[in-house]
Amino acid sequence: MRDDDKPMNRRRFFREGLAELLKPLQKAARPLEQLAHQLGKLEDPPAAQEQPAPQIRKPQNTVSYSAYAGGLAAAFDAGGEHSLRPPGARDEQDFRNICSRCGNCVHACPVHAIQLDHSAARGAGVPFIDADASACVMCDGTPCMTHCPSSAILTVPRDEIDMGTAVWHEHQCVRTLQGEDCTMCVDHCPVGPSALELQGNTIVVKEDGCTGCGYCQQNCPTTPKSITITPKSKRDAVPAD
């Protein structure tokens, strides 16, 4: 070996020796590098993914309230259910169109006779009376009239109230079937003989005096009822040609 090669060999010797010494340190450092890499991923916020814009579906049947009420009126004209309305209520179609469905008359009624029914047949929330459950008692002051904010229920004198007319069903009455001397309907009529009267063995309804309050129907003891109220809208309906 030449003398000029000795420095080169010494440098290679030390370099290779140093590399051997550092190998354990490199192996030990790899897990630390991997851990640092994972921690870096946790600290970095995730890349924002582009989300598709939400699709807003427009209602397919958006109508004004007036058109909605007009549709209900048309449904009524086509054969909707006739309901007993509160005292002072306007004619059926006007009542359905004008009523705001606020429920003030319901809360004002002292005997809880007025109810709300959201079915389309009864006007989708307009007030009605179920005479079988709780009839109108023709109370003093008629607060349902004074609490109506929309004028769907008008303030009218007691003797001008017209909700409908009572109809006596003789074939169902215990007076006819069993010969009983029942006068429940006559005895409980809040108007009195000017609306309902017993003549002989017959219950006579005086249409000019009957207000259609339904109190006779509520107090009738038979099932089905021997006296019922025909609501004004049904009574006054014009028969189809």
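The modelled label-to-label distance between His147 and Glu207, using points 7 Å beyond Cα along the C-beta direction, is 3.4 nm. Between Glu197 and Ala133, the distance separating the two model label sites (each 7 Å from Cα on the Cα→Cβ line) works out to 3.5 nm.
Note on His188/Asp91: beta-carbon distance plugged into 1/(1 + (r/R0)^6) with R0 of 22 Å gives a FRET efficiency of 0.20.
Quick note: the coordinates plus some simple rules give every number you see, no bench work behind them. No experiment lies behind these values; they were computed from the predicted model shown. A quick note on method: Cβ atoms are made from the backbone with ideal geometry, for glycine too, and the neighbour counts reach across all protein chains shown.
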